[in-house]
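Below: the structure, in structure tokens.
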Amino acid sequence: MSKIKYHFIIVLCAIFCCLSCGEGEGDTPDGPAFYSDLTITSFHNYTLNATVGQNFFVNYTAKNAGNAYVSFYDVGLFFSTDAECYWPSSDILECYNSYSEDLHAGESFTANASCPVLAGTPVGVYYVCGYIDFWSDHDESNENNNSRCDALAQINVY
């Protein structure tokens with residue numbers, strides 16, 4: 001086999017391996033790992049007081065800081081008694097928004113969302129938090145930076 005044909009076959013195999021990794025995640029045979037890194041870079045709650053059944057309104061920006069794209073992702077909106085959001089934990093998942101468009105490496109998106117305060121939510125003051133990929137659908141380069149709670153994003157549920 002000629003050297004040119006051999007190199008052509010190697011290149012085709014490398015392309016096929018990269019394309020078959022599934023959403024860009026995972027190792028290639030001879031290269032570095034490709035992982036997404038989904039983060040909430042800003043988060044704002046616009047509702048200071050709410051009762052059960054009433055909607056609260058938020059705005060958030062999420063970013064894929066990794067080197068691989070994802071084709072779907074969820075952003076959960078949680079109530080937390082502290083400024084940290086952990087899932088699963090005692091934090092309360094109020095609702096989530098699903099997205100089915102690609103989020104490529106380095107890209108960000110901003111969204112406005114509303115969510116009702118669920119029945120059974122105890123009366124109290126909570127931080128409102130955003131958490132992207134809280135179902136852990138994607139292997140990421142950093143699994144510890146998916147949520148954001150801001151001190152100014154508190155809500156009084158009464």
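The values are calculated or read from the model by the stated rules, or taken from the named source; none is laboratory data. Computed from a predicted model, the values in this text were never measured in an experiment. Methodologically, a virtual Cβ is constructed for each residue, glycine included, from the backbone with ideal geometry; neighbour enumeration extends over all protein chains shown.
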Inset, instruction - For Val75, state whether it is assigned to a loop (DSSP other than H, G, I, E, B) and either touching a residue at least 24 places away in the same chain (Cβ under 8 Å) or within 16 Å of Glu101 (Cβ to Cβ) (or both). - result: no
Inset, instruction - Go through the stretch 119-140 and give me each residue that's in a strand (DSSP E or B), more than 18 Å from the chain's Cα centre (by Cα) and of a type in the set (A, V, I, L, M). - result: Val125
Inset, instruction - Looking only at the stretch 89-102, decide whether some residue is β-branched (Val, Ile, Thr) and either within 15 Å of Ser36 (Cα to Cα) or touching a helix residue (DSSP H, G or I) at 6+ places or on another chain (Cβ under 9 Å) (or both). - result: no
Legend entry - From the options Glu101, Glu84, Glu94, residue that is acidic (Asp, Glu) and assigned to a strand (DSSP E or B): Glu94
Inset, instruction - Find all pairs meeting these conditions: Cβ atoms under 9 angstrom apart; at least six residues apart or on different chains; first residue within the stretch 99-123 and under 16 Å from Thr47 (Cβ atoms) and touching a residue at least 12 places away in the same chain (Cβ under 8 Å); second residue among the aliphatic types (A, V, I, L, M) and not in a strand (DSSP E or B). - result: Pro116/Val52; Val117/Val52; Leu118/Val52; Thr121/Val52
Legend entry - Qualifying residue in the stretch 150-157 (condition: among the β-branched types (Val, Ile, Thr) and modelled with pLDDT of 95 or more): no
Inset, instruction - Report the residue count in the stretch 60-72 for those that are exposed (fewer than 15 other Cβ atoms within 10 Å of the Cβ) and either of a type in the set (A, V, I, L, M) or part of a strand (DSSP E or B) (or both). - result: 0
Inset, instruction - List every residue pair whose Cβ atoms lie under 6 Å apart, where the two residues are 6 or more positions apart in sequence or sit on different chains, the first residue falls within the stretch 34-49 and is under 10 Å from Tyr69 (Cα atoms) and at pLDDT below 95, and the second residue, located anywhere, is aromatic (Phe, Trp, Tyr) and surrounded by 15 or more Cβ atoms within 10 Å (Cβ to Cβ). - result: none
Legend entry - Residue in the stretch 125-148 that is farther than 30 Å from Phe34 by Cβ, surrounded by fewer than 22 Cβ atoms within 10 Å (Cβ to Cβ) and in contact with a strand residue (DSSP E or B) (Cβ under 6 Å, 6 or more places away or on another chain) present: yes
